[in-house]
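Okay, structure first, notes after.
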Amino acid sequence: MVGATIISSVMYTREQAASRAAQREATRSSQVSRFLGDMLTGVGPHVARGRDTELLEAILEDTDKRLGAELADQPEVEAALRLQLSHTYRQLGDWDTATKQLERVKELQSTRNVASPDRGLVAAAEAVLAWARGDLPAAETLYRESLTAMSGQAEVDSLVWAESTLQLGNIVVQMGRYDEADSLMNIALSFYRRRAPESDVIAVTYNSLGNLARYQGDYEAAEANYREALAIHRRVLGENHPFIATDLHNLGRLLESRGNIPDAEQLLRESMAVLDKVYDGPHADKAQVMRSMAEFYMNQMRLAEADSLIYGALAMTRQLYGEQADDTNRARLGVAEFLQRSGRLPAAEAALTDLLAVARKGPQTDPELLPDVLHRLATTIVRQGRDREALPLFEESIALYTALAGADHPSTLLARNDCARSLVNLGEDTAALQQLQIVLETRERVLGPSNPETAITRVDLGRALSRLDRLEEAEASMRRGRDDYRTAKGAEHPGGWNATMHLSGMLRDLRRYDEATKELQACEEFFVKQQGDAGSTTRLVRIRLASIALCQGQEAESRRLLERALDPAPGEVAGWLPGRSQTEFGEALLRADRLDEAAPYLRRGYDQLLAAEGAKAGNTRSAARLLVKLFEKQGDAAEAAKWRAKQN
């Protein structure tokens, strides 16, 4: 659920900026104010959405009829009201009707010489609608048109100009052009500091800068900006406002990324509590935060807590929008992710297959749904050992992401990175290496060389290089990836320690046993604290330590460490661990060119893993890959071919 935080973090910016602009325009006419008072008092979208939607839709329909009947000879008033109606319909998710309202405004401008609202305001409204539809290139073009039209106008329009500048910055962030976004956002920030230093709009700007810094991997700057947004919103709006909930949510998810899980959880709970106070019943913002909280708990493997949230979000979204809506499809995607994380892979695959059929039917107002479903389905199939079947799904998702947002977009790069991992599983290490090098070069250029996403690709690249026996290069890539990730995420983030586990294996295979042991002892301390002696990762660390002792000829120490790793006293031992211990020993000996000693360990490991997990499991196929390498080194092409078939 990569997009959950991003969607919520722009929740108020997308839905409010153009509305504020239109409201300022509307207040120029007392007749507009009276008309709006008659028809729309007390039922704005944030109030009505999810609770009084039918009432609001009825009022809007009546308003639309009155516009044509009562304002035929007042085109400027009609245009101003239709612009406001377009914002309201968009906030309700009725984008077709919103578009029709804007088309009528443009018709009045061209046929009745309506000068107010001007082209700048209308283009900004069209841009927000294009953004909501996911058409980023169109949104960018329209915001630029809006800025050009408003250039040099009066003070009231300067505020609209600043809002459009900020929103253009948000658009180019999503398109991966971070330097340009930084410039645009700081132009808006400079304006607001002079003209509106204590306002919701400057808080929104700080939030946008927080999003940008997070994309760039500067978590310290992101946190500072999010906290500033929250502080200003509290001063301006009080404690119980939807914007406060958004700020709390964004800050919480950022702290999760930095490894501060207790504070992150507290902030997410506070966000939900604010929404419960603001909205009595079901509401779109509530459902969105519930999905995000479910993702948070999934990341911590607290699946029981995630369960009620993810299914509750789906039920609420269905109640709000019905079965066929985009938001409902997104909620279904969240449930599929939960099933995958819970290990219920066939159920996850079935859910994603059903959703894929929906996404392919079109036309979709959520253009990223199809590539997102393809990507999730591919990763679910990979986890079931069917990498070859997943490759076309990865390739289609990459092509769609590229067409939608470009080759540099984070979603494009993530799908390409995951595709490379699948190629590694298939033993196609050279092809995987090529894909990872593309991702690394792009992430270095777009995100920066020390960004945590760049660091993840360095780690994956190190693993691919290791499989190609390019151990010196692998160790350097892995070490830098690990160190950069720790710098960004904090020393206590599990991701950095998982990378250290991979690094220790490379150091062992380079026969730098003392360095490998030192790294593993630090890992052992961390994972014992996190998981206890019964944790699978704790046990894997001890198995690797035992393999180093074996390579050093310390057989008694190796046996002691292995017995401790597989000791059932602290808790149940996973069925795959005994087989994994045998392949770990076999790989260590294979890397040390002790082929005859490696062979029985590898065969025994494969047999045990086959019995425990089946032929398609990742551990089993990894054991087959090592046997391929063993027989290739021994010059036995027939045996290598036999095991290669089992690997795939």
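We did not get these values from a lab; they are worked out from the coordinates using the rules stated. Note that the structure is a prediction, hence the values are computed from the model and not measured. In this analysis, Cβ positions are derived from the backbone assuming ideal geometry, glycine residues included, and neighbour counts consider all displayed protein chains.
When a/c reaches 1.5 or more, the comparison of a/b and b/c decides; with that in mind, is the range 114-153 rounded, prolate or oblate per its Cα gyration tensor?
Values: a/c = 3.74, a/b = 1.81, b/c = 2.06.
The shape class here is oblate.
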Whichever lysines have a C-alpha closer than 22 Å to that of LYS286, once near sequence neighbours (fewer than 8 apart) are set aside: LYS277
In whole angstrom, the spacing between the Cα centers of the range 53-123 and the range 386-452 equals 44 Å
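GLU639 to LYS361: extension gain in nm, 0.36 nm per residue of separation minus the Cα-Cα distance? Walk me through the numbers on the way to the answer.
Working: separation 278, 0.36 × 278 = 100.08 nm, distance 4.72 nm.
Stretched out fully, the GLU639 to LYS361 stretch lengthens by 95.4 nm.
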With an 8 Å Cα cut-off and a minimum separation of 6 or more residues, compute the relative contact order for the range 533-635 in percent. 23 percent
How are the Cα pair distances of the range 558-648 distributed, in percent, across 10 Å bins from 0? 19, 46, 27, 7, 1
Provide, in order from the shortest bin, the percent of all Cα-Cα pairs of the range 553-611 in each 10 Å bin, continuing until the bin that contains the maximum pair distance. 24, 48, 26, 2
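How high is the relative contact order of the chain, in percent, with contacts defined as C-alpha pairs under 8 Å that are six or more residues apart? Intermediate results must be reported in sequence, preceding the final value.
Values: 912 pairs, mean separation 49.3, N = 648.
RCO, the chain: 8 percent.
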Compute the distribution of all C-alpha to C-alpha distances in the chain, in bins of 20 Å from 0, and list the percent of pairs in each, rounded to whole numbers. 17, 47, 26, 9, 1
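Quick one: length gained pulling ARG144 to GLU525 fully straight, 0.36 nm per residue minus the C-alpha distance?
Details: separation 381, 0.36 × 381 = 137.16 nm, distance 5.45 nm.
Gain on stretching ARG144 to GLU525: 131.7 nm.
Compute the orientation-averaged projected area for the range 497-648 from the convex hull of its Cα atoms and round it to one decimal in nm². Can you show the working numbers first?
Details: hull surface 33.9 nm².
In nm², the orientation-averaged hull projection of the range 497-648 is 8.5.
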Per the Kirkwood treatment, what hydrodynamic radius in Å, one decimal, follows for the range 348-395 from the mean inverse distance over all distinct Cα pairs? 10.8 Å
Could you tell me the ratio Rg/Rh of the range 96-191? Both radii from Cα atoms, Rh via Kirkwood. 1.00
With label points set 7 Å from each Cα along the Cα-to-Cβ direction at ARG194 and ARG560, the distance between them in nm comes to 7.3 nm
Applying the gyration tensor rule to the Cα atoms of the range 190-300 (axes a ≥ b ≥ c; rounded if a/c under 1.5, else prolate if a/b exceeds b/c, else oblate), the class is oblate
Name the residue from LEU251, ALA130, VAL201 whose Cα lies farthest towards the positive end of the charge dipole of the range 117-276, charges +1 on Cβ of Lys and Arg and -1 on Cβ of Asp and Glu. VAL201
Beyond 20 Å, what share of the Cα-Cα pairs of the range 269-329 remains, rounded to the nearest whole percent? 24 percent
Suppose we keep just the alpha-carbon trace of the range 394-507; what are its Rg and Dmax in angstrom? 13.7, 42
